[in-house]
Amino acid sequence: MALTIDTHHHMLPEFFFEATNEKANPVGGLKPQAWTPERSLAFMDEAEIDIAVTSISTPGIELPDLLASKELARKCNDFAAMLVAKYPRRFGALGSVPMPDIDDAIEEVVYALDVLKLDGVVLFTNSQGIYLGDKRMKPLFKELQRRKATVFIHPNASPDPVAHALGLTDNLIDFPGDTTRAIAQLHYGGTFAETQDVKYVFSHAGGTAPYLAGRFAIVDELKIMGDSSVTGTSAESFRRLYWDTALAWSDPVLNTLRHIAGMDKVVFGTDYPYARNALAVKGMLKIKTNPDLSAEEKTQVFGGNALELFPRLGML
């Protein structure tokens, strides 16, 4: 029986949300529904989702106090491991990483993947203005490459104050834009080329990157960002990456992903509990009834492709 796997499903224990968000002014502008493991399971049963791979959400683990960041990441990871142990057939989990301190980040990656045996890690497009493609992040990605890890990348708010002075909520334009910045820098900075064994999953169908794929190709052809003989072309990178359907389930998006990546690189995600139950179910239905997707492709999107990222889930 084919599994339905939600690869973009946030766990928001109260201790994490209180440490990272102001209740009256949540990061991104959208206050999530109250979260508990039981609420997640109830939603999964309602939506007929077999397994959810949990991750923390914005702004990630980036507190001004480095010790507090380390302690919060460890608390989140121990909580995630407890959740998997308690509900082994319902939850997978992505490890949380304290950022942007590189030594602390690597230490927690080792703990999350080697000790707790979590299914991968979640990183954020930028942490305190330092983007994932920054040269200072290279040691972290070297460690992830050594483990052939699955890395889920979620947007964060832009560090540019101008982006927040327009009267527009971050999750309208800025989150998709920040995802695109991260993809471009990871590609042109050589990180993708240096981590061929890392499996990257980008939230919300990669922000605006699929729409801009043709522009990336023109930049490559004109060699504006240098010779692609080392990094490969952007088109080659796009075919390597995985892209989730959270808040990105419409026909134009899926058709674009088909052309730039292939449906074998598209994975299902809900963005629960930020996406309300009815909206998440509506997104599922849009995919299930999409006339351009074959039955085999729908099976791939809803679970088959996720098993390439999280093979442990297929053995439950």
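The requirement of being within 19 Å of F152 (Cα to Cα) and either part of a loop (DSSP other than H, G, I, E, B) or in contact (Cβ under 8 Å) with a residue 40 or more places away in the chain (or both) is fulfilled nowhere in region 276-288; no residue meets it. Number of residues in region 208-227 that are of a type outside the set (A, V, I, L, M, F, W, C) and assigned to a helix (DSSP H, G or I): the value is 4. A search for C-beta distances below 8 Å between a residue of region 226-240 that is more than 19 Å from A205 (Cβ to Cβ) and basic (K, R) and any residue that is modelled with pLDDT of 95 or more and surrounded by 14 or more Cβ atoms within 10 Å (Cβ to Cβ), counting only pairs 6+ apart in sequence or on different chains, returns nothing.
Yes/no per residue for (1) surrounded by fewer than 24 Cβ atoms within 10 Å (Cβ to Cβ); (2) of a type outside the set (A, V, I, L, M):
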{"site": "F17", "(1), (2)": "yes, yes"}
{"site": "T20", "(1), (2)": "yes, yes"}
{"site": "L30", "(1), (2)": "yes, no"}
{"site": "A47", "(1), (2)": "yes, no"}
{"site": "V110", "(1), (2)": "yes, no"}
{"site": "L118", "(1), (2)": "no, no"}
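Comparison of G189, G177 shows that the only residue that is under 16 Å from the mean Cα position of the chain (by Cα) and in contact (Cβ under 8 Å) with a residue 12 or more places away in the chain is G177.
Scanning region 88-103 for residues that are within 23 Å of L313 (Cα to Cα) and either in contact with a Leu (Cβ under 7 Å, 6 or more places away or on another chain) or open to solvent by 50 Å² or more (accessible area, probe 1.4 Å) (or both) turns up P88, R89, R90, F91, G92, A93, L94, G95, V97. Region 1-98 holds helices (runs of 4 or more DSSP H) entirely within its bounds, and those carrying 1 or more residues that are touching a residue at least 60 places away in the same chain (Cβ under 8 Å) and touching a Cys at 6+ places or on another chain (Cβ under 8 Å) map to 14-20. Taking the criterion of being among the acidic types (D, E) and out of contact with any His (no Cβ under 6 Å at 6 or more places or on another chain), the only residue of region 239-263 that qualifies is D251.
The residue that is most open to solvent (accessible area, probe 1.4 Å), counting only those in region 269-290 that are in contact with a Leu (Cβ under 8 Å, 6 or more places away or on another chain) and not charged (D, E, K, R), is Y274. Count of region 131-171 residues, restricted to those that are of a type in the set (K, R), open to solvent by less than 80 Å² (accessible area, probe 1.4 Å) and not in a helix (DSSP H, G or I), is 1. Filtering region 163-200 to residues that are on the phi > 0 side of the Ramachandran plot and either of a type in the set (S, T, N, Q) or at pLDDT below 95 (or both) leaves only G167.
Pairs are defined by a Cβ separation below 6 Å, a sequence spacing of at least 6 or placement on different chains, a first member in region 192-221 that is open to solvent by 20 Å² or more (accessible area, probe 1.4 Å), and a second member that is assigned to a loop (DSSP other than H, G, I, E, B) and of a type in the set (V, I, T); the pairs so defined are D220/T233.
Checked against the criterion of being farther than 19 Å from P311 by Cα, modelled with pLDDT under 95 and not small (G, A, S), region 102-124 contains not a single residue that satisfies it. V230 passes every criterion in (1) in a helix (DSSP H, G or I); (2) more than 24 Å from R89 (Cα to Cα); (3) among the hydrophobic types (A, V, I, L, M, F, W, C); (4) at pLDDT 95 or above apart from (4). Residue check: is R312 farther than 28 Å from L12 by Cβ, charged (D, E, K, R) and either part of a helix (DSSP H, G or I) or at pLDDT 95 or above (or both)? No, not satisfied. Give the residues of region 222-249 that are of a type in the set (V, I, T), buried (at least 21 other Cβ atoms within 10 Å of the Cβ) and closer than 30 Å to K298 by Cα, sorted by residue number. Scanning region 222-249 gives a single hit, T245.
The values are calculated or read from the model by the stated rules, or taken from the named source; none is laboratory data. Since this is a predicted model, take the numbers as computed values, not measurements. Note that we place each Cβ from the backbone using ideal geometry, even for glycine, and neighbour counts take in every protein chain shown. The area values use the complete protein model at the heavy-atom level, side chains included, leaving out ligands, DNA and RNA. Shrake-Rupley method; radii C 1.70, N 1.55, O 1.52, S 1.80 Å.
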